[in-house]
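The values are calculated or read from the model by the stated rules, or taken from the named source; none is laboratory data. Just so you know, these numbers come straight off a predicted model, no measurement behind them. Every residue, glycine among them, receives a Cβ derived from its backbone with ideal geometry; neighbour counts consider all protein chains shown.
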Amino acid sequence: MKNDPSLLEVLRQQGVSRRGFLKFCAATASLMALPPGMAPVIAKALEQAHRPSVIWLSFQECTGCTESLTRSHAPTIEGLIFDAISLDYHHTLQAASGSAAEEARMAAMKANKGEYLLVVDGSIPTADPGYSTIAGISNLEMLREVAADAAAIIAVGTCAAFGGLPHAKPNPTGAVAVSDIITDKPIINVSGCPPIPVVITGVLAHFLTFGTLPKLDHLGRPLAFYGNNIHDRCYRRPFYERGQFAESFDDEGAKKGWCLYKLGCKGPVTYNACATTKWNNGTSFPIESGHGCLGCSEPNFWDLGGFYNALSEPSVNTGNAAAFGLVAGAAVGAASGIMARKEKDNTSHAHQKVTVNDLKRGESQ
Amino acid sequence: MNIEAVLLWIRGPGLGLALGIFLFGMAIKLLEIFLLGRKKNLAAVRSSGVAAGFRTILSRSLPPDGNILRRPRFTFIFGYAFHIGLFVVMFFLAPHIEVSHALLGLSWPALPTPVVDVFTIISIIAMMALLWHRLTSPLLKYLTTPQDYLVWALTFAPLLSGYMAYHHLLLPYTWLLSIHIGSVELLLILFPFTKLTHAFTLFIARWYTGMMAGQKGVQS
């Protein structure tokens, strides 16, 4: 590692100016909600940083996370920073294959024992190890083996962070998140389907600068990016306040850009940076193109009760429970009513009328 | 189990359970009332009394002779402020209408959120005033049972948690939304078994009183 070029040298070789580099550091500092004074510290740390060894494991995934991070908009500084890490194993990107690839992984693990970063995308099947294997090794076994000597683990994408799509009902493969298996290592969840590229580079920059992981929320996500929900940062929020909602995707409201709450937008319970950092090199985010937020950075977003049902709507069909309650209640109520009626009849039959004779008898006593 | 999973349960199976218990309890309650029957009226009726029944439902909501001074002022003013506020909040906030649309297929125009917000504040203040009145008035204190405090809390919790959720007070929105919907479910579950049933029985009782008066040809 000693002879490796530093990150700044790598960036220079790729034609990034110092000005561009400092701009990136300042942007990263502000994105991560660090004080502006931290920008030079980040710059200095990154200048001197040697390429950290990264082992990237892909389990039950669609490669969308890798696509998002490597090909969304090239070339950018984020992309180049990403190139500048020593990606020692990534079976989609690496040239080596077969046993050569596995040897590269073993070599990287040995050379950087206790120091390498482990990036995981995809969930891990637990129902049957045969559902997903790499070089004949089950995902579960490989994760345990590589995680044992990792400095930290970055779970990229909702599958690795929370189980994601494979975890959706009825979860045939018994898919679980990284944090369900590894409990003794720092894990940072960069959720999203896929996650925003700048979040990955932000986390890497933080790790290289401070040697620690950034502050995380209760789901292990970096607070700097997942601290606000989409709804609070949405440019369509004023329409929500005014009660102006699109009722369908092609009505007047939709054309005027009104709030998509009624069309199923999950923005109020979705914590991510889409509305501020945006996608495709800052072009837009899904709500800007007229579609509600799916809530892809949240656990179980696939089972939140339908992408096109409003958040306040029931997430499952409650008709059966309601009908059962009504029918059972009607039966008990009818039985109780009939019994009360019977009692009333019995009482009135049992009632003995007072006759004149009864009264006279009372007088004579 | 994280809060996201709790919210999912509350929006799904929890809601089904609460609705089921609510309908179960209300069906029992209403059938018991209706099946009990009433004594046969042996006198010749002046009118069917149906119209008089509906008239009484309305007239009992108005101050007698248009003079509110003839009712206990505090209870009258704050009682109405609370009930009207609650009605507006329940039926005119857009997300609430979506619930009705999903469950019954019925929907109607919503009010702007800041307007609903004002009614929420009115309701919250009125409810706190009514509680204070209940705690300080010797007569009310004498009449109050523990259930009165229970139903106050059951009604107050959804109002307060809804207000807090909208304004993002104290807790993250996911938490507050879970507490809000959960508190409504608790209200639904206990509704049929407490004096909260007055929301339904009030109209039945008023209509019956008005009908009886109408049949006798007297004003009620």
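Remarks
- Residue A:336 vs. criteria out of contact with any Ser or Thr (no Cβ under 9 Å at 6 or more places or on another chain) and part of a loop (DSSP other than H, G, I, E, B): no
- Among the criteria (1) more than 19 Å from the chain's Cα centre (by Cα); (2) closer than 26 Å to residue A:98 by Cα, the one residue A:122 does not fulfil is (1).
- Positions within segment A:172-185 being in a loop (DSSP other than H, G, I, E, B) and in contact (Cβ under 8 Å) with a residue 24 or more places away in the chain, in sequence order: A:172, A:173, A:174, A:177, A:181, A:182, A:185
- The residues listed here are A:12, A:51, A:19; of these, the one that is modelled with pLDDT under 75 and among the basic types (Lys, Arg) is A:51.
Rundown of residues vs (1) within 12 Å of another protein chain (Cβ to nearest Cβ); (2) in contact with a Cys (Cβ under 6 Å, 6 or more places away or on another chain); (3) without any contact (Cβ under 8 Å) to a residue 40 or more places away in the chain, yes/no style:
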| site | (1), (2), (3) |
| --- | --- |
| B:13 | yes, no, yes |
| B:19 | yes, no, no |
| B:33 | yes, no, no |
| B:39 | yes, no, yes |
| B:49 | no, no, no |
| B:59 | no, no, no |
| B:78 | no, no, no |
| B:81 | no, no, no |
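- Just one of the numbered conditions (1) out of contact with any Lys or Arg (no Cβ under 9 Å at 6 or more places or on another chain); (2) surrounded by 17 or more Cβ atoms within 10 Å (Cβ to Cβ); (3) not β-branched (Val, Ile, Thr) is not true of residue B:108: (2).
- Identification of helices (runs of 4 or more DSSP H) wholly contained in segment B:1-106 with 1 or more residues that are over 17 Å from the mean Cα position of the chain (by Cα) and within 30 Å of residue B:134 (Cα to Cα) yields B:13-36, B:50-59, B:73-92.
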